[in-house]
Amino acid sequence: MTPKRILYRIIQIITVLFGISFMTFLLMYIAPGNPAQSILLASGIMPTEEKVQNLMDLLGLNAPFMTQYIGWLENVLHGNLGVSYSLNKPVADLLLVRLWPTLRLTLFSMVLMVMISVPLGMLSAVYKDSWIDNLIRGYTFLGVSVPNFWVGLLIMLVFSVNLGILPVICSGGDFISMIGPSMTLAFAMSAKYTRQVRTVVLEELNQDYVVGARARGIKEWRILWCNVFPNSLLPLITMFGISVGSLLGGTAVVEVIFSYPGLGNLAVSAITSNDYNLIQGYVLWTALIYMMINLLVDISYNFIDPRMRLKR
Amino acid sequence: MTKQNFFLKYRTFTIFGCLAVLIIFAAIFAPLVTGGVDPTSGSIVEAMLPPGGEHIFGTDKMGRDIFTRVIYGARTSLTATFAVVVIVFMIGTAIGVVSGYFGGIIDAIFMRIADTMLAFPGLVLALAVAGVLGTSIRNAVLAVALVTWPKYARLARSLVLKIRDSDFVAAAVVTGSKTSHIIWKYMLPNALPTLIVTAATDIGSMMLELASLSFLGFGAVAPTPEWGLMLNEGRDYMQSVPWLMIFPGAAIFVTVVVFNMLGDSLRDILDPRSSEV
């Protein structure tokens with residue numbers, strides 16, 4: 001990644017953010033739900049036609065689409081994501097409070113995922129077609145087929161309800177409350193990732209240099225960790241970046257199950273109450289997190305693969 | 001090769017094909033399987049009965065038979081999933097083939113939209129779309145379709161690009177074939193096998209996405225029997241009535257396993273190269 005390439009990527013991220021915000025804004029414009037009505041209902045006022053119209057004027061919801069969008073965009077560029085209809089607080093503040101718990105949960109799940117996937121994937125590749133391989137492949141198959149919310153519920157049933165080790169409601173946001181949700185996320189993610197590790201390592205094991213190293217009598221574990229693993233790192237890191245996407249989607253479901261105080265949980269309640277500003281903010285932030293992680297992944301190639309530094 | 005040999009040769013495909021057909025039949029003939037019990041009504045006297053006896057999977061808080069609801073749930077789940085698959089397959093293929101073949105401005109517009117969608121975690125957007133459009137299974141289908149079509153469009157486009165400049169296409173153009181003829185007879189048949197394999201392997205994950213939406217309350221509406229929704233309803237009674245969440249979850253799991261295995265074995269048959277590693 002040359003600086004020029006990084007700049008290009010940042011421009012791309014900005015374009016995607018524009019595209020996403022436009023699409024979600026358009027969607028909410030044509031959607032049947034009416035935030036004004038929800039606000040009135042939430043505050044216990046009978047939503048008559050007149051009151052709804054007055055409130056819509058006040059919120060600027062009666063303006064033409066482009067006026068609304070440009071107005072919103074102008075605010076966003078000034079760092080103002082608007083006010084949440086349902087919670088009556090600035091969206092930026094609400095999101096900021098929830099950002100760190102979700103980020104922490106995501107990072108912790110990713111660490112768990114790597115800790116499970118890399119050893120399993122490599123074992124599976126090295127002992128291809130043996131019983132170990134079959135066992136691990138069985139595990140990965142189980143992992144991709146089982147709904148993650150069911151896993152979450154089962155983990156809760158066993159560890160929180162029956163054994164009483166973990167809290168049932170993880171609203172504290174401390175370390176112990178992260179264990180249940182991250183186990184759930186890591187289980188599903190590690191299944192996919194283990195498969196990818198296996199494929200990549202198998203491909204690398206078939207390379208000529210491995211045969212050469214073996215012929216020279218270099219120990220198998222040395223070839224594996226000093227040659228094969230570093231060489232497989234590049235595709236693995238790319239796939240890692242991509243899998244963050246499904247992880248971020250998965251957090252919403254898992255946070256709801258465990259009542260974890262993260263972005264996803266906030267988003268689900270925002271969607272239920274037609275809180276358009278909050279939904280917009282959530283979608284934008286998640287997109288930003290995802291793309292920033294992938295940008296960092298791309299930049300990290302420079303440090304991992306010397307060839308990338310030379311390609312200028 | 002006779003038909004029988006084919007089924008014997010690809011044993012995994014045959015076994016899971018039969019199981020899939022069994023599930024589909026259970027869904028279609030749900031009233032026969034469950035003996036005509038209404039999945040949406042129960043008697044409150046029989047609420048939360050444990051599995052066994054007359055109700056082999058027990059009953060829920062409204063006294064509805066869970067076995068019946070699980071079987072009828074297959075209807076909801078399978079219909080919705082197949083709807084998503086058909087929609088994204090048709091729209092994705094159409095857009096991809098047209099973009100790939102004609103190129104130019106159409107291609108640029110569609111592919112920029114597709115790239116924007118692909119550069120973004122799908123479930124997050126699906127959640128927002130399904131929620132904003134209003135809670136219903138139809139809107140959940142639309143939401144999942146909206147975030148999935150770019151994958152198919154991209155794939156179809158790349159497959160078309162691969163053959164667009166081949167000699168046989170050039171020959172067809174020179175000999176005066178109509179554009180529609182070239183698209184239908186050359187482009188589409190070349191792209192279809194890969195697209196079908198992709199669709200078949202995606203059935204499982206789409207089913208899971210739809211169930212997650214229902215679970216979060218942005219899909220099926222009560223009292224519709226739907227597995228994700230049933231899990232959500234059973235969540236509150238986890239401690240005292242665990243069978244409320246065991247059976248619907250197991251139903252999703254088994255169905256997804258069957259369709260995943262079927263998809264994988266179909267890929268092995270149609271596209272042996274991709275499964276070599």
Sequence-distant or interchain residues sharing an amide H contact under 5 Å with residue A:166, placed H: which?
-> A:160
For residue B:95, what is the net charge nearby, where nearby means another residue's Cβ is under 14 Å from its Cβ and Lys, Arg count +1, Asp, Glu -1?
-> +2
Net charge near residue B:37, counting Lys/Arg +1 and Asp/Glu -1 over other residues with Cβ under 15 Å of its Cβ?
-> -2
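Let me check against my output: what whole-number percent is the relative contact order of chain A, with C-alpha pairs under 8 Å and at least 6 apart?
Values: 321 pairs, mean separation 81.8, N = 312.
Taking the mean separation of contacting Cα pairs over the length of chain A, I get 26 percent.
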Distance from segment B:242-273 to segment A:48-79 (C-alpha centre basis), Å | 46 Å
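Could you list A:78, B:181, B:55 in order of exposure, starting from the residue whose Cβ has the fewest other Cβ atoms within 10 Å?
Values: A:78 8, B:181 11, B:55 21.
Result, fewest neighbours first: A:78, B:181, B:55.
Could you grab the relative contact order for segment A:7-118? Cα pairs under 8 Å, six or more apart, rounded to a whole percent. Each step should come with its number before you reach the end.
Values: 41 pairs, mean separation 16.2, N = 112.
This gives 15 percent for segment A:7-118.
What does the convex hull of the alpha-carbon atoms of the protein assembly as shown project to on average, in nm²? Intermediate results must be reported in sequence, preceding the final value.
Numbers: hull surface 136.0 nm².
Orientation-averaged projected area of the Cα hull: 34.0 nm².
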When A:194, B:116 are arranged by how many other beta-carbons sit within 10 Å of their Cβ, fewest first, they go B:116, A:194
What size of dipole, in debye to the nearest 20, comes out for segment A:3-77 about its Cα centre when the only charges are +1 on Lys and Arg C-beta atoms and -1 on Asp and Glu C-beta atoms?
-> 620 debye
Once the dipole of segment A:105-272 is set up with Lys and Arg at +1 and Asp and Glu at -1 on Cβ about the Cα centre, which of A:249, A:224, A:152 lies farthest towards its positive end?
-> A:224
Compute from the Cα atoms of chain A the Rg and the Dmax, the latter being the longest Cα-Cα distance, and quote both in angstrom.
-> 24.0, 86
Taking max minus min of the Cα coordinates of chain B on each principal axis, largest first, gives extents in Å of 77, 50, 34
Final fewest-first order of A:295, A:185, B:123 on the 10 Å Cβ neighbour count is A:295, B:123, A:185
What are the lysines whose alpha-carbon lies under 30 Å from the alpha-carbon of residue B:151, with same-chain residues fewer than 8 places away excluded?
-> A:4, A:192, B:162, B:178, B:185
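All of the numbers you see were taken from the coordinates with simple rules; none came from a lab. Values in this document were obtained by computation on a predicted structure and should not be read as measured data. Quick reminder, even Gly has a Cβ in these numbers, built from the backbone with ideal geometry, and neighbours come from all protein chains shown.
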